[in-house]
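Structure first, then comments.
The values are calculated or read from the model by the stated rules, or taken from the named source; none is laboratory data. Here the structure is a predicted model, which is why all the values come from computation and not from measurement. Note that we place each Cβ from the backbone using ideal geometry, even for glycine, and neighbour counts take in every protein chain shown. Note: areas computed on protein heavy atoms with side chains; ligands, DNA, RNA excluded. Shrake-Rupley method; radii C 1.70, N 1.55, O 1.52, S 1.80 Å.
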Amino acid sequence: MNPQSLHWIILLPLIGAAINGLLGKRIGRGNVHLVALGAIFGAFVVSAAALWNVSFGGAEKISQLWWHWFTIGSVPVEMALSVDRLSATLICVVTGVGFLIHLFSTEYMSHDEGYWRYFAYLNLFVAAMATLVLGSNLLVMFVGWEGVGLASYLLIGFWYTDEEKAYAGRKAFVVNRIGDFGFLLGIFALVALFGTIDFAELQTAAATLIPSAVLQGGVFAGWTVTAALTLACLLLFVGATGKSAQIPLYVWLPDAMAGPTPVSALIHAATMVTAGVYMIARLSFLYVYAPGAMATVAVVGAATAVFAALMAYAQNDIKKVLAYSTVSQLGFMFIGVGVGAWWAAIYHLVTHAFFKACLFLGAGSVMHGMKDQTDIRLFGGLRKEMWHTWATFGISTIAITGVIPLSGFFSKDAILHAAHANPNLWFSWVPTVTYVLGLIAALSTSFYMWRMFNLTFNGERRGMKEHHAHESGPAMTGPLWILSGLAVGAAVWGLPLASGARFERFLHGVFAPAEANLRRVTELAARELGVAVPPAPGHDLAAMLPGYLIALVVALVGFGIAWYLYLGPGKGKSALIAEKAPGLHAAFANKFYVDEFYDSVVVRPLKGFARVLWQVVDSFAIDRLLVNGTAVLSGWVAQLFRYFQDGNVQRYAVVMAVSAVAVLWVFLF
Amino acid sequence: MATVPLAHYLALASALFAVGLAAVLVRRSALVVFMGVELMLNAANLTFLSFSRAHGAQEGHAIAFFVIAVAAAEAAIGLAIMIAVFRSRKTVNVDEVDALKY
Amino acid sequence: MTPLLGVLVSEAWVFYPLAVLTVGGALAMLLSRNPIYAAMSLVLTFFGLAGLYVLLSAELIAALQIIVYAGAIMVLFLFVVMLLNLGDADLEMPRLSVGTIVGGGSALAFWCVSWMVFQHLPEAMPATLPEGFGQVASVGRLLFTQFILPFEATSILLLAAIVGAVVVAKAKI
């Protein structure tokens, strides 16, 4: 494959977006579908070729310098793309799952008037995501970062005539912006430290860093390398919390369910929200020098995983449950990158993309059949009416709860195993805390997923009794089957073999520098602390077996409780619990009042401040005082001067003569 | 047997100029204003000729020649305008010709 | 030494009386109420100036002064007085107002300021002059060679002045 054709992965969807956006209304529904699907399929083909190339071809990495953008100071900024095994995997997931979701959308959005706009935005999203993944320096990644944020805003607020939906889009954009600010500051910090934004150059520079060295000049003069890098990595992580919906910037994701369901599947489950994980994995060789940052990532991830899972307990909107589930699963991925199990986090990213997309599309199928209703309390017994949806949804639920032999089990367990097995010399409590929180989150995941499944598909219909739900057409059920098949089949990459899982070995080259750096840093720290260097975690099955068993038990316990409360003898007990502890139930149902807290602490003061700026500074001081005031002042002064114009020419001559004499005086003296 | 110094000629010229200026600024009849202008031009002529004599150069004479010609033309036009104004306003008082006021 | 009425006298004897005459005429023009008196005072001033020009060896210009200024321009002024029938009442004397005082004061100030220039001038005029200085032939030669362009332009200017004066002053175009 010609390395100079990487840019087609970005250009094809971009051109598709342009055609659909500009001409979509005129070329008709069929042509719009053709253009959109064709563009994504083309991008997928190129991505697959790139993946093949870095896996079996000669080079481990393909680079393409698209064009030189600008140079600032001594830092050149190029529009350069590169593909290694990590980004190839991700871009194939993006374009592949993206293609399936485009296919799904052709039927799902068939009744919508703004279909051409929808497909244009969707293509735009894929183009931006490709830019993010393929970028070979921080700034190109940031361009893609912003681009997906834009596409997300456009798609969440797709039905913009509805105020609430428009506000949801705005909320997503604003919260993301806060994260982006952190990201930018992180980029600036890295430029200040290393003088470059190129990933390859950063990797080279990072290979020879001494953690305790004190920096001499520049912005971070007097700081140790570790301290400066910790700051930079934490700032970048703030960006990741925004884009990947972790504490404290996750609040936009549940609201983002206002957009069309395929959008939620693509953007808020499979691809965009994983950008934060990708970014940290990309910069893994830097993060290992900042153990504080890594610990923060892991703990925040674990806390988010649990917190979001708890919020999902009492949700009754099918999409909201899945949204909180996504936040929770992303937390798992961050645990992975935080404890140094990068391959496990990426593996979970891939499997999560498959089964979460399948779940979301399944929810879309359910909504399609139930006249866009989302309240699961009204569902029930859909198994009989929508068999395909039931089956694929069930397979994906088994995957997400982590039951052998589906891929979700292997990916989640790889993370949990690494969480407690990877040694942490600096924060010895991190392994335990993250493992325990991870287990609680896994238990909760199992519970709320099976709760939702039972309420939706099993049992008897509770509401909309006269409505017969029809199964969706092949354009919708096809992708569902493909995705659930992938959720099953992806397990083969995660099987724990003696030399490490296939996926781990596949990505070994990508994370080798990070692991080398980590070993060096650990040795230095061990020498300083006077302890023995902890051994690298092994791959023997004996060590991993207990963890597997615990995880399996946890998943089954969750299944059991859900069965008991919603299908078995305990029916109605859930309502009893709600009555007995109304405060607790309200807290769960209202998402622990986080949104209300943000509203009163952040939004309201900002709005008040904005009002002050608007009314006092802008309307009064600038508009009335300065602008109008200048005009009024000119008027007054002019009024004053007009008395000089009395028409008496002789008077004018007198003034001239006096002035001339004065000037003469000045010149002669 | 002393010749008159240049300074005296110039002092005379500037005195005439000052009188002409005063006539322009102080008198209210347009006719006298024009006369003041002519007087100022003559004072300039005297200055030119004094310097010409002091430097032995005749260019001053040529310039004085042109000043006279231009002054003649300007006086003709000015008086024609004064006649035209008199026809509509029935006065030559400059104070009363103030239509271009605010 | 200047010949005056056939007698050789020093220049000062000619200059100062002429100067007094000139300035006196000017002041009379400034201060007289009657337009005819003002015009005639100005004629007197022009005659004085012509005499001064002769003293400065500018004989051609002196002649032109009398012919054009005193003879043509002042006659024009008198014609206008006659045409408009301007009498004493039309030449109201200036009131004592701010404008008047400031105007007169600035003229006086100008004269005083100009004294500063005179500090730096050479004491005496040169005794000898080039051959034919100020005579018709030499000034004419200058006019037709070095100053030919202004000369021709002036003729066009005079044409424009004639046409303009006729057009402006006509009762009906």
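Shielding by partners for B:47-60, please: the mean number of other protein chain Cβ atoms within 10 Å of each residue's Cβ.
Per residue, the number of nearby Cβ atoms from other chains is 6 on average.
Just to verify a number: FRET efficiency for A:ALA542 and A:ARG462, C-beta to C-beta distance, R0 = 56 Å, to 0.05? Could you put the intermediate results ahead of the total?
Working: r = 48 Å, r/R0 = 0.86.
That gives a FRET efficiency of 0.70.
Out of the total accessible area of region C:1-87 (probe 1.4 Å, heavy atoms of protein only), what percent is carbon and sulfur? Display every interim value, and only then the final one.
On the way: 3030 of 3890 Å².
Using a 1.4 Å probe with all protein chains present, region C:1-87 comes out at 78 percent carbon and sulfur.
Determine the per residue accessible area of the protein assembly as shown with all protein chains present and a 1.4 angstrom probe, expressed in square angstrom.
Details: 40280 Å² over 944 residues.
Ligands and nucleic acids excluded, the figure is 43 Å² per residue.
What share of Cα pairs, in percent, lie more than 13 angstrom apart in region A:81-149? Could you put the intermediate results ahead of the total?
Working: 1539 of 2346 pairs.
It works out to 66 percent of all Cα pairs.
Tell me which DSSP H helices of chain C clear both cut-offs, 20 Å or more of axial length from alpha-carbon atoms and a mean Kyte-Doolittle hydropathy of at least -0.5. Intermediate results must be reported in sequence, preceding the final value.
Working: long enough: C:11-31 (30 Å, 1.65); C:35-55 (30 Å, 1.82); C:98-114 (24 Å, 1.47); C:148-169 (31 Å, 2.29).
Membrane-span-like by this criterion, though nothing is claimed about a membrane: C:11-31, C:35-55, C:98-114, C:148-169.
For the protein assembly as shown, build the charge dipole from Cβ charges (+1 Lys, Arg; -1 Asp, Glu) around the Cα centre, then report which of A:LEU229, A:ALA127, B:MET35 sits farthest towards its positive end.
Value: A:ALA127.
How much net charge surrounds A:GLY24 when only other residues with a Cβ under 15 Å from its Cβ are counted (Lys, Arg +1; Asp, Glu -1)?
On the way: positive: A:LYS25, A:ARG26, A:ARG29, A:ARG117; negative: A:ASP112, A:GLU113.
Result for the local shell: +2.
Add +1 for every Lys or Arg and -1 for every Asp or Glu among the other residues with Cβ under 13 Å from the Cβ of A:ILE550, and state the total. Walk me through the intermediate numbers first.
On the way: positive: A:LYS412; negative: A:ASP413.
Spelling it out: positives minus negatives among the neighbours equals 0.
Report the extension gain between A:GLN4 and A:TRP481 in nm, rounded to one decimal, defined as 0.36 nm multiplied by the number of residues separating them, less their alpha carbon distance. Display every interim value, and only then the final one.
Values: separation 477, 0.36 × 477 = 171.72 nm, distance 3.50 nm.
In short, 168.2 nm is gained.
Apply 1/(1 + (r/R0)^6) to the Cβ-Cβ distance of A:SER634 and A:ALA660, taking R0 = 35 Å, and write down the FRET efficiency to the nearest 0.05. Each step should come with its number before you reach the end.
On the way: r = 29 Å, r/R0 = 0.82.
Working from the Cβ atoms, E equals 0.75.
Ignore the peptide's own chain and count Cβ atoms of other chains within 10 Å of each Cβ in C:15-22; give me the average, rounded. Don't skip to the end; give the middle numbers.
Values: counts 5, 3, 0, 1, 7, 1, 0, 9.
Taking all residues of C:15-22 together, the mean is 3.
Tell me which chymotrypsin sites (Phe, Trp or Tyr not before Pro) from region A:345-417 have a DSSP coil assignment and no more than 10 other beta carbons within 10 Å of their own. All intermediate terms of the calculation are to be shown ahead of the outcome.
Working: sites: A:TYR347, A:PHE354, A:PHE355, A:PHE360, A:PHE379, A:TRP387, A:TRP390, A:PHE393, A:PHE409, A:PHE410; in loops: A:PHE379.
For chymotrypsin sites (Phe, Trp or Tyr not before Pro) across region A:345-417 that sit outside H, G, I, E and B with at most 10 neighbouring Cβ atoms in 10 Å, the list is empty.
Roughly what % of Cα-Cα distances in chain A sit above 41 Å, to the whole percent? Walk me through the intermediate numbers first.
Values: 72679 of 223446 pairs.
Considering chain A, 33 percent of its Cα-Cα pairs are separated by more than 41 Å.
In percent, how large is the relative contact order of chain C, given Cα pairs closer than 8 Å and 6 or more residues apart? If you can, show how the numbers build up before the last one.
Numbers: 106 pairs, mean separation 29.9, N = 173.
Reported as a whole number, the value is 17 percent.
Quick check for me: using +1 on Lys/Arg Cβ and -1 on Asp/Glu Cβ, what's the dipole size of the protein assembly as shown about its Cα centre, in debye to the nearest 20? Walk me through the intermediate numbers first.
Working: 51 positive and 48 negative charges, 458 e Å.
Its charge dipole is roughly 2200 debye.
Cross-link candidates for C:LYS170: which lysines have Cα within less than 24 Å, leaving aside residues fewer than 8 places away along the same chain?
Within the straight-line limit of under 24 Å, C:LYS170 reaches these lysines: B:LYS90.
For the pair C and B, how large is the buried accessible area, both sides, in square angstrom to the nearest 100, if the probe is 1.4 Å? List each step's numbers first, then the result.
On the way: alone 13420 and 7420 Å², together 13710 Å².
In total, this chain pair buries about 7100 Å².
At a probe of 1.4 Å, how much accessible area disappears from chains C and A on forming the pair, both sides counted, to the nearest 100 Å²? Walk me through the numbers before you get to the answer.
Numbers: alone 13420 and 28130 Å², together 40840 Å².
The contact between A and C buries close to 700 Å².
With only Lys, Arg, Asp and Glu charged, each at its Cβ (+1 for the first two, -1 for the last two), find how big the charge dipole of region A:540-669 is about the Cα centre; round to the nearest 20 debye.
On the way: 10 positive and 8 negative charges, 62 e Å.
Dipole magnitude for region A:540-669 comes out near 300 debye.
Summarise the partner chain shielding of C:53-60 as one whole number: the mean count of Cβ atoms from other chains within 10 Å of each residue's Cβ. Kindly include the intermediate steps, with their values, before the conclusion.
Working: counts 7, 0, 6, 12, 6, 12, 1, 5.
Averaged over the peptide's residues, the number is 6.
Run the numbers on chain A and let me know its relative contact order in percent, using alpha-carbon pairs under 8 Å that are six or more apart.
Details: 1072 pairs, mean separation 76.4, N = 669.
Normalised by residue count, the contact order of chain A is 11 percent.
Which lysines, if any, have their Cα less than 25 Å from the Cα of A:LYS465, not counting same-chain residues under 8 positions apart?
A:LYS319, A:LYS320, A:LYS371, A:LYS384, A:LYS571, A:LYS573
Just the number, please: carbon plus sulfur as a percent of the accessible area of chain A, 1.4 Å probe, no ligands or DNA/RNA counted. Numbers along the way, then the final one.
Values: 18880 of 27310 Å².
Whole-percent figure for carbon plus sulfur exposure: 69.
Count neighbours as other Cβ atoms within 10 Å of each site's Cβ, and list the GluC sites (Glu not before Pro) in region A:369-470 that are DSSP loop with at most 14 such neighbours. Intermediate results must be reported in sequence, preceding the final value.
Numbers: sites: A:GLU385, A:GLU460, A:GLU466; in loops: A:GLU460, A:GLU466.
Sites meeting the loop and neighbour criteria: A:GLU460, A:GLU466.
What is the extension gain from A:PHE644 to A:ILE440, computed as 0.36 nm multiplied by their sequence separation minus the C-alpha to C-alpha distance, in nm to one decimal?
Numbers: separation 204, 0.36 × 204 = 73.44 nm, distance 8.80 nm.
The A:PHE644-A:ILE440 span can extend by a further 64.6 nm.
Points 7 angstrom from Cα along the Cβ direction at A:ARG505 and A:ASN316: gap in nanometres?
The two pseudo-label positions are separated by 5.2 nm.
Taking the Cα centre of the protein assembly as shown as the origin and placing charges on Cβ (Lys, Arg +1; Asp, Glu -1), which of A:VAL433, A:GLN650, A:MET476 is farthest toward the positive end of the dipole?
It is A:MET476.
Among A:ALA512, C:ALA169, A:LEU576, flag the residue with its Cα farthest along the positive direction of the charge dipole of the protein assembly as shown, charges on Cβ as +1 for Lys/Arg and -1 for Asp/Glu.
My answer, from the dipole projection, is A:LEU576.
Amide H neighbours of A:GLY402 under 5 Å, counting only residues 5+ apart in sequence or on other chains, H built in-plane at 1.01 Å?
For A:GLY402, the qualifying residues are A:PHE409.
Please compute the net charge surrounding A:LEU81, taking Lys and Arg as +1 and Asp and Glu as -1 over other residues with Cβ under 14 Å from its Cβ.
On the way: positive: A:LYS61, A:ARG282; negative: A:GLU78, A:ASP84, A:ASP198.
Once positives and negatives cancel, what remains is -1.
Taking loop as defined by DSSP and a crowding limit of 14 other beta carbons within 10 Å, which trypsin sites (Lys or Arg not before Pro) in region A:417-470 fit?
Values: sites: A:ARG451, A:ARG461, A:ARG462, A:LYS465; in loops: A:ARG461, A:ARG462, A:LYS465.
When the trypsin sites (Lys or Arg not before Pro) of region A:417-470 are filtered for loop state and at most 14 Cβ neighbours within 10 Å, A:ARG462, A:LYS465 remain.
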